[in-house]
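Notes to accompany the following structure.
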Amino acid sequence: MTVPLQAEALDISFKLVPAIIVFLMMASFLVIGYVFKVADAEGMWVAGRGIGNIENGMAIGANWMSAASYLGLAGLVALSGFYGLAFIVGWTTGYFVLLIFLAAQMRRFGKYTAPDFVADRFNSPMARALAAFTTLLIAYVYSVGQARGMGLVGQYVFGLDIIPMIVVMMTITVGYLALSGMLGATKNMAVQYVILIVAFLAGVYVVGFSQGYSTILPQIEYGALFSELSRQFSEPFIGGNGYYLWVATAFSLIVGTCGLPHVLVRFYTVKNERTARWSTVSGLFFIMLLYWAAPAMAAFGVDLFAAVNNLSPEAVYSGQQAMSGAEGDVIVVLAAQFASLPRWFVGLVAAGGMAAAIATTAGLFITASSAVAHDIYSELINPDATQRQQVLIGRATIIGIGALVTVTAFNPPALIGELVAYAFSLAGVVLFPMFFLGLWWENTNRQGALAGMSVGLLLWITSIINSVLPAYIGALGAAAGESGALVPIYAQYVPPIGAALVGTPLVFIVTIAVSLVTPEPPLETKKMVRQCHSPEPMGQQQTAEDIVSNSGGDTPADD
């Protein structure tokens, strides 16, 4: 087994007060999970559709701001400078698209899961299977980065090697999720958001003020550091991260945001479409609080890394003492450590990163378990499955995918932020076109959806095989040679991190073209789409299908 890359600059030793903070935090998650444990499918998958605006907005923020945001975003900016801005632009702009085009409409459609929507909208068990498979892939790839973040933070707090820390933290996470389901996970996410945002903002303000970088607004004042940092902070598109890759990355993250099943399921947990919209606004505000500050923490961390190691700005990125990928991934913790802040305070900053990783892992594992238990087992294998059987299968899935993610996180193929971007690219290529066309063009049909999803999935998988697997499979590595890719030009224009720039428009074209040359969907399906845009309010437990079937097929949108 390959030894995972360690963050050598971290003070890896047992720290009593930070350990107590993390222990109390993890224990509170288990207690909340137990108090809000569920026994039925509706509580397991959509929290009884009773979550309010602010609470759901906080859950969206925590669900969204994973280790990739708390740790990885600052790490990407620290290691790649201007290129890291593509992640901030992509991950925030996507929420405006969600707010305008998908949030309320998804809530009005009113199913349990993303594959549920795809199956019922396109009248296809095969579409459900493809969407469920894609959901599992997204949860798996996305969660590896979270497990990696937990391990790195655990190293700092408990002083153990990264592998046992990954195992311990993932075991606790899987334990409370298997017990609580979506209801307990949502309650925990609200708590986790408070922990992570307090920890992150405290870190930014205290590091900035104590080191003389900033006073009252570090989010802006950190710009004064640019003259002391490497050129990549002030000169765009250098170091191999060119203009095309920047645009491709930002675009993939925008459409990927709109295609992530664990984000869209949050709209199914609220009372009505109005709450869905305001949840998105609240979530965007809560996310902004961290994203606006992340570049400042990255700049502080890079400058302190150079000072502590007596390096020139350029030497931070090249040479024997250059910052490693693992050190970049924990630059938020390193900045607080290098600023000689009290250990308990650095531990608080580290605990925020762990809360962020656990919150997102919770959302991902819930969507993965629903894909297996509800979409595959109940809908495709055993239509007579009881709610108890579904919940048991869901819990078994959480344990199974947790074990697989844990093992993969021992030696991940990329930085935390890059791993997460692979999942966004997949969501943007395969699921976003289905959600958008399914809600906004009533003539999108089963044949078009199946063709589009198949093309998108094939394009993403070939991109991963071409650019990522050669580093892991000897035969592919030998064929790739020094370029690191089997087909270099394909890697240049369809990179795994930005495959959606080519893939998403292609999937739109294929889906529309096939839909135009094949029979239109049934009238009842068209009426469900129209109901998603109706001005008439709906009941808390109603779906578009309920309205159409109970009204004899007429909807206000038909007038």
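The values are calculated or read from the model by the stated rules, or taken from the named source; none is laboratory data. Model, not experiment: these values are computed from the prediction. As a convention, Cβ positions derive from the backbone with ideal geometry for all residues, glycine included, and neighbour counts pool all protein chains shown. Ligands, DNA and RNA are stripped out before the accessible areas are found, and what is left, the full protein with its side chains, is counted by its heavy atoms. Shrake-Rupley method; radii C 1.70, N 1.55, O 1.52, S 1.80 Å.
Annotations for the structure displayed:
- Counting lysine pairs in the chain that sit 8 or more residues apart in sequence, or on different chains, and whose Cα atoms lie under 25 Å apart gives 10.
- Report note on the peptides 201-210, 473-482, 312-321, 519-528: ranked by the mean count of other C-beta atoms within 10 Å, highest first, their order is 201-210, 519-528, 312-321, 473-482.
- By average C-beta atoms within 10 angstrom, highest first, the peptides 119-126, 193-200: 193-200, 119-126
- Gyration tensor verdict on the stretch 193-304 (Cα atoms; rounded if a/c is under 1.5, prolate if a/b is larger than b/c, oblate otherwise): oblate
- Peptides 332-338, 274-280, 71-77, 130-136 ordered by average Cβ neighbours within 10 Å, highest first: 71-77, 332-338, 130-136, 274-280
- Residue-averaged [θ]222 nm for the chain, counting only DSSP H segments that reach four residues, each worth -39500 (n - 2.57): -21500 deg cm²/dmol
- Residue-count net charge about Ala129 - beta-carbon cut-off 14 Å; Lys, Arg +1, Asp, Glu -1: -2
- Per-residue 3J(HN,Hα) values for the stretch 481-497, derived from phi via the Karplus relation 6.51 cos²θ - 1.76 cosθ + 1.60 with θ = phi - 60°, read x, 5, 5, x, 10, 5, 10, x, 5, 5, 5, 5, 9, 10, x, x, 7 Hz in sequence order (x marks Gly and Pro).
- With all protein chains in place and a 1.4 Å probe, the accessible surface of the chain carries 66 percent carbon and sulfur.
- Whole-Hz ³J(HN,Hα) from phi, Karplus 6.51 cos²θ - 1.76 cosθ + 1.60, for the stretch 116-129, glycine and proline x: 4, 4, 4, 5, 6, 5, 9, 6, 8, x, 5, 4, 4, 4
- Kirkwood Rh, Cα atoms: Rg over Rh of the stretch 288-446: 1.11
- For the pair the stretch 271-311 / the stretch 434-501, the C-alpha centres are spaced 29 Å from each other.
- Computed over the chain, the range of Cα coordinates on each principal axis works out to 75, 53, 46 Å, biggest value leading.
- Three-way shape call for the stretch 354-501 based on the alpha-carbon gyration tensor, with the a/c threshold at 1.5: oblate
- Look at the Cα gyration tensor of the stretch 212-252: its axes a ≥ b ≥ c give a/c of at least 1.5 with a/b at or below b/c, and that counts as oblate.
- Taking only the C-alpha atoms of the stretch 359-416, Rg followed by Dmax gives 13.4, 43 Å.
- 3J(HN,Hα) from dihedral phi, the stretch 311-320, Karplus parametrisation 6.51/-1.76/1.60, rounded to Hz, x for glycine, proline: 10, 6, x, 5, 5, 5, 10, 8, x, 5
- In the context of the full set of protein chains, the chain has a per residue accessible area of 35 Å² (1.4 Å probe).
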